[in-house]
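First comes the structure, then the notes that go with it.
Readers should treat all values here as calculations from the given coordinates under stated rules, not as data from a laboratory. Predicted model, so just to flag it, every value in this text is computed and none were measured. Cβ atoms come from the backbone with ideal geometry, glycine included; neighbour counts cover every protein chain shown.
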Amino acid sequence: SSMHAIRRSLRQVAAHAVRRGGGAAASAASGAPAVADFRAQALRAGFVGAMTSTFHSTSAAAAAAAALIPPHGGELVNLMVSDAAEKAAVIASATRTLELSDRNACDVELLSTGGFSPLRGFMNEDAYTGVVTNMRLPDSNLLFGMPIVLDTACEDTKVGDKVLLQYQGKPVGVITVESKWKPNKPLEAKMCYGTSSIEHPGVSMISMERSKYYIGGSLSAVDKPVRPFPCPDPAEVRAMLPAGKDVVAFQCRNPIHRAHYELFTRALDAPNVGEGAVCLVHPTMGPTQDDDISGLVRYHTYEVLAKEVNNKAIRWAYLPYSMHMAGPREAIQHMIIRKNYGCTHFIIGRDMAGSKSSIDGEDFYGAYDAQDLANANATELGMQTVPSLNVVYTEEDGYVTADVAEAKGLAVKKLSGTKFRKMLRAGEDIPEWFAFKSVVQVLREHQ
């Protein structure tokens, strides 16, 4: 079936990526995937404690005892030009102009501030090919989840050009074009998304939104894209984090409700997370899926929630990243980005960054495909995964894990997202066990 073919394709890419790696990747190839598979099975069965502790015998905090975890590739890239005269010279050097899409602008910002370290510009054709075919940058052999590319429809753009990048009419940087090519989009789709069907939103994006050509080259950034909410860069986020302590990243693209909060606060008690750890709640704020709540509305929900819970073990920051819904590949991408922001651990749940067919609603990825690929590559990335607990609300004991609820025979209460949205629109009371009052109020105000 097409589902089996997608999973087989993803497994082949993962296996090839691990085989291509050196050092830590070689040890992962010899033993870690098998352990990860066993561990994943144990987690699914509910046996979390001792197995997780065995698999992660070394805390990331020990490796970064004196400081924060090093960025991917060892150096936090900063492409921002700070001197005013130099900025003016960079802008004046441009020979043509390109207006960026919302997605492009997110990529420029993450390149500029080091979120995509070790990249120093948009990928050239050789780097693009390496990442598409085996998740590796060609020169360093470092893992990288998704290609970072700049598209253009301009036939005249050529190698050597300096292109002024504008977002909403304002200059944000200049790319020196080092390569231009017509990409094999079906291959890119198949390798990165596991399918070439435009029923997948990511495949639809690269085939129908992106232009004919890709251009790569070094970037000189002159300003960040202007946004209606702050997006602290990796250096700023790192300054918020405690040195020598574990930092657990929670990725989301929706408003946070009670079950989410239970999930990421309980993650701080996971067996492989050290004492004094903090959780970085780090939502993606760029384009996601068409039916998702806008970044600005979500920003307001996160801000009121941060004030309401006032939890000193939580840090809040916003990520200018555009979701691809690429499942396993995107899990690797998210881990690399969060490593650059100073995180040692990454919460990964069922069907992370997954998507469904726009026609029949069938899932493109298995529930644990992203978790399995993340576990297989965590050692090489120098990070650890924290499985996303399946927490449910019960009448008797409040929030507990699903296996506890089943073992005790507790009465589980459920409210689907569809039902929640209908109740919200109708002005009905939302049960407080499901959602925070402050979040509900913001969502009602922005309907």
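Shape class of the range 67-176 from the Cα gyration tensor (axes a ≥ b ≥ c, square roots of the eigenvalues): oblate, since a/c reaches 1.5 or more and a/b does not exceed b/c.
Based on Cα contacts under 8 Å between residues 6+ apart, the range 260-350 shows a relative contact order of 35 percent.
The mean of 1/r over all distinct Cα pairs in the range 333-397, once inverted, gives the Kirkwood hydrodynamic radius of 13.5 Å. Bridging of K307 to lysines at a Cα separation below 17 Å is possible for K437, once same-chain residues fewer than 8 apart are set aside. Along each principal axis, taking the top coordinate minus the bottom one, the Cα set of the range 303-362 gives 43, 26, 21 Å in descending order.
Placing a pseudo-label 7 Å from each Cα along the Cα-to-Cβ vector at E308 and A67 gives an inter-label distance of 3.9 nm. Computed as a quarter of the hull surface, the mean projected area of the alpha carbon convex hull for the range 258-406 stands at 10.3 nm².
For the range 386-447, what mean projected area does the convex hull of the alpha carbons give, in nm²?
In nm², the orientation-averaged hull projection of the range 386-447 is 5.3.
For the range 92-147, the spherically averaged projection of the C-alpha convex hull amounts to 4.7 nm². Relative contact order of the range 98-176: 32 percent, from C-alpha pairs under 8 Å at least 6 residues apart in sequence.
Cα extents for the range 266-323 along the principal axes, largest to smallest and rounded to whole angstrom: 39, 24, 16.
What per residue convex hull volume, in Å³, do the alpha-carbon atoms of the range 205-304 yield? It would help to have the intermediate numbers written out before the result.
Details: hull volume 18.5 nm³, N = 100.
Looking at the range 205-304, the number lands at 185 Å³ per residue.
With Cα atoms as the point set, the range 141-239 shows a radius of gyration and Dmax of 15.9, 44 Å. For I293 and S204, the difference between the fully extended length at 0.36 nm per residue and the C-alpha to C-alpha distance is 30.0 nm.
Computed from label points 7 Å out along Cα-Cβ, the spacing between A85 and R120 is 2.4 nm. Taken along its three principal axes, the alpha carbon spread of the range 224-263 comes to 34, 32, 11 Å, from the longest extent down to the shortest.
The GluC sites (Glu not before Pro) of the range 329-398 that meet both conditions, a loop assignment by DSSP and at most 12 other Cβ atoms within 10 Å of the site Cβ, are E362, E395, E396.
With semi-axes defined as the square roots of five times the eigenvalues of the C-alpha gyration tensor, the equivalent ellipsoid of the range 329-447 measures 30, 20, 17 Å, largest first.
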